[in-house]
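What follows is calculated from the coordinates using simple rules that are stated; it is not laboratory data. Treat the numbers as computed from the prediction; the structure is a model and nothing was measured. Using ideal geometry, Cβ is built from the backbone for each residue, glycine included, and neighbour counts are taken over all protein chains shown.
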């Protein structure tokens, strides 16, 4: 099946940016990455720094990692680096290890053979740098940096899209999305991470192909969801996923809540929780995956906590596991959500939870959502740090009303016991002889048998 070349692919020569025309500097490239590039170049192979590393350096950002693309085949790379290992079956990659870090090196790929089958299943074909550029997903990820000449090579128009702050697919958008449905989540992740807009044609293609997420591999989809929603701008990522129809396929329970309970999506409690989580992430907090799930479903949990909190959290975990989420992450989410319920309504169970190993994370979750649900963090601190008897006495004092002049009202009269209690004779199980009767008459009186309303235990205010 022949595919018509897009306008981008009609470029015959790449756009070449000389050193004064871009901001990529060797000082910002990891030394081990430079070692890998130099060794490949010295062995007469073509080798470039590629992908997100070049993109971030062009934007003045610090790359999280660096990838290398080369003309050397995997077995040739393996022969050059003893500290390496082959990864993958469909398209072998080489990971070169330097201590606890590794650098991924891939051989240039060509465009897969076109067929009526949309999903890519067999594409293990090596190619040229030009072909490799057009095999990549988005234009901003298809920039090459040549360490030998200090040039940036752009075959797909990525430099223009960086300046216009756009996420655009390489080639026909709908076909690229159907080839690999996870690319739709990746487009959202890039837009949220870089604070870019998704180009209109690409955005419409995502809306049309959103249902294809059900065809994607569950482990890959779950991994991409985590990577997308753990960004500092996770609230915008969640907003885009819902607006483009991706959330209804990936997390339908959450999508249904956002659609039915709130008129304005941006001000929904879940969005506000994710915005608070994003600020914490930007400040250096690294949330575990179970914590992220608890943030996503905290509003749904609080809404149904009045009916049955624990069964709902368990049911939610079962639903997520059916969609590929691990038991460890869903169980961690369940523990945090159940602890959250006890923090919103403190009780003796809350004091017990304070000794649990997951309590610090549960407390962090409570602090994130407290302003959204008008919960008082200071009141929870007082509850946990004050002895129970003293806390109850303090609450009784705060609950006593005052007169208009500020003075406390006179104490209420003690309630009388039920009628006939004082004249009731004690019930004797083992005998009713004269001595028992005389003992009952002798002990009769107001001080003999206090009413249940006068019991000291009845004056205690239970933990609320």
Considering Cα pairs under 8 angstrom that are at least six residues apart, work out the relative contact order of the range 304-386 and quote it in whole percent.
24
The range 156-180 scanned against label point 7 Å out from residue 195 along Cα→C-beta; backbone N under 20 Å for 160-168
At 0.36 nm per residue, and after removing the present C-alpha to C-alpha distance, how many nm does the segment from residue 314 to residue 25 gain when stretched out fully?
98.9 nm
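Applying 1/(1 + (r/R0)^6) with R0 = 25 Å to the Cβ-Cβ distance of residue 265 and residue 165, what FRET efficiency is obtained, to the nearest 0.05?
On the way: r = 22 Å, r/R0 = 0.90.
Taking R0 as 25 Å, the efficiency between residue 265 and residue 165 is 0.65.
Kirkwood Rh over alpha-carbon pairs of the range 289-395, then Stokes-Einstein at 20 °C and 1.002 mPa s: what D in µm² s⁻¹, rounded to an integer? Write down the numbers at each step before the final one.
Working: Rh = 14.3 Å.
Estimated diffusion coefficient is 150 µm²/s.
Counting other beta carbons within 10 Å of each residue's own, what order do 385, 201 fall into, fewest first? Present the calculation step by step, with values, prior to reporting the outcome.
Working: 385 9, 201 13.
The most exposed by this proxy come first: 385, 201.
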Hey, rough spin-label estimate for residue 15 and residue 59, points 7 angstrom out along Cα→Cβ, what's it come to in nanometres?
1.6
Where does each of 234, 374, 255 land when they are ranked from fewest to most other beta-carbon atoms within 10 angstrom?
374, 255, 234
Computed over the Cα atoms, what is the radius of gyration of the range 172-263 divided by 2.2 N^0.38 Å, N being its residue count?
1.00
Can you give me the distance in nm between label points at residue 285 and residue 367, each placed 7 Å from the Cα along the Cα-to-Cβ direction?
0.7
Once the cut-off is 21 Å, how many percent of the Cα-Cα pairs in the range 126-224 end up in the long-distance tail?
36
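Among 325, 91, what is the fewest-to-most ranking by other Cβ atoms within 10 Å?
Working: 325 21, 91 15.
Neighbour counts put them in this order, fewest first: 91, 325.
Calculated FRET efficiency, residue 243 and residue 44, Cβ-Cβ r, R0 41 Å, to nearest 0.05?
0.25
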Expressed in nm to one decimal, what extension gain is obtained for the pair residue 172 and residue 331 from 0.36 nm per residue of sequence separation less their Cα-Cα distance?
53.1 nm
Shape call for the range 189-234 from the C-alpha gyration tensor, a ≥ b ≥ c root eigenvalues: rounded (a/c under 1.5), prolate (a/b greater than b/c) or oblate?
oblate
Using 7 Å Cα-to-Cβ label points, what is the residue 150/residue 356 separation (nm, one decimal)?
5.8
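Cα convex hull of the range 122-170: mean projected area in nm², to one decimal? Provide the component values of the computation, followed by the final result.
Numbers: hull surface 15.9 nm².
With every direction weighted equally, the projected area is 4.0 nm².
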